[in-house]
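First comes the structure, then the notes that go with it.
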Amino acid sequence: MNWKRPYTLDQLNATSADTLVAHLGIVYTRITENILEAEMPVDHRTFQPFGLLHGGASAVLAETLGSTAGYMMTSEGQTVVGMELNATHHRAVTHGKVRGVCQPLHVGRQHQSWEVALFDEKGRRTCSCRLSTAVLG
């Protein structure tokens, strides 16, 4: 798979300015032929009240990666919107960073499905997500 809209990491990170993505400290870190990765800190911005990574913050990271990857697979005049996000949380994270790895499950003309796996700094899977998007335009 080759991205239809090839972005550099600098370009992707620039799109996050003044958004929730930037507020949570999410930074795109790797683009390969069919993988998009980003990291998010586990800190005061992403904690729930008990000092653990908030499941909603994990969902934001997954939605960010899947939607961005989906957009990168569209042509001029098209965009994507999220339709459904499923997240299964496997283990708690209390500090450091989580890394999201986004890969395509299906990239069609009207719908896309993306798998996003989140890992802690020890490489242990903390959350498994699946995002479905609709291609508009």
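Answer yes if at least one residue in segment 36-54 is more than 13 Å from the chain's Cα centre (by Cα), part of a strand (DSSP E or B) and either of a type in the set (S, T, N, Q) or at pLDDT below 95 (or both), and no otherwise. Lay out the reasoning, then the answer.
Filtering segment 36-54 for residues more than 13 Å from the chain's Cα centre (by Cα) gives 41-54.
Now narrow it down to the ones that are part of a strand (DSSP E or B): 41, 47, 53.
Then keep just the ones that are either of a type in the set (S, T, N, Q) or at pLDDT below 95 (or both); that gives none.
No - not one qualifying residue is present in segment 36-54.
Residues in segment 118-137 that are more than 12 Å from Gly82 (Cβ to Cβ) and out of contact with any Lys or Arg (no Cβ under 8 Å at 6 or more places or on another chain) were compared, and the one that is surrounded by the most Cβ atoms within 10 Å (Cβ to Cβ) is Cys127.
Pairing residues of segment 113-137 that are free of Cβ contacts under 8 Å to residues at least 40 places away in the same chain with residues that are outside any strand (DSSP E or B) and among the β-branched types (Val, Ile, Thr), at Cβ distances under 8 Å and at least 6 apart in sequence or on separate chains, gives Asp120/Val93. Within segment 69-99, the residues that satisfy the criterion of being within 17 Å of the chain's Cα centre (by Cα) and of a type in the set (Gly, Ala, Ser) are Ala69, Gly70, Gly82, Ala87. Among residues that are touching a helix residue (DSSP H, G or I) at 6+ places or on another chain (Cβ under 7 Å) and within 18 Å of Leu105 (Cα to Cα), Thr32 is not included.
Thr8 falls short on exactly one of the conditions (1) polar (S, T, N, Q); (2) surrounded by 13 or more Cβ atoms within 10 Å (Cβ to Cβ); (3) more than 13 Å from Val101 (Cα to Cα), and that condition is (2). Test Thr29 against the criterion of being part of a strand (DSSP E or B) and polar (S, T, N, Q), and give yes or no. Considered against the rule, which asks whether it is part of a strand (DSSP E or B) and polar (S, T, N, Q), Thr29 comes out as yes. The set of residues in segment 67-96 being buried (at least 18 other Cβ atoms within 10 Å of the Cβ) and either of a type outside the set (A, V, I, L, M, F, W, C) or over 22 Å from Gly137 (Cα atoms) (or both) consists of Ser67, Thr68, Gly70, Tyr71, Thr74, Ala87, Val93.
The values are calculated or read from the model by the stated rules, or taken from the named source; none is laboratory data. Every value quoted in this text rests on a predicted model; they were computed, and no experiment measured them. Ideal geometry is used to build each Cβ from the backbone, glycine not excepted, and the neighbour counts take in all protein chains shown.
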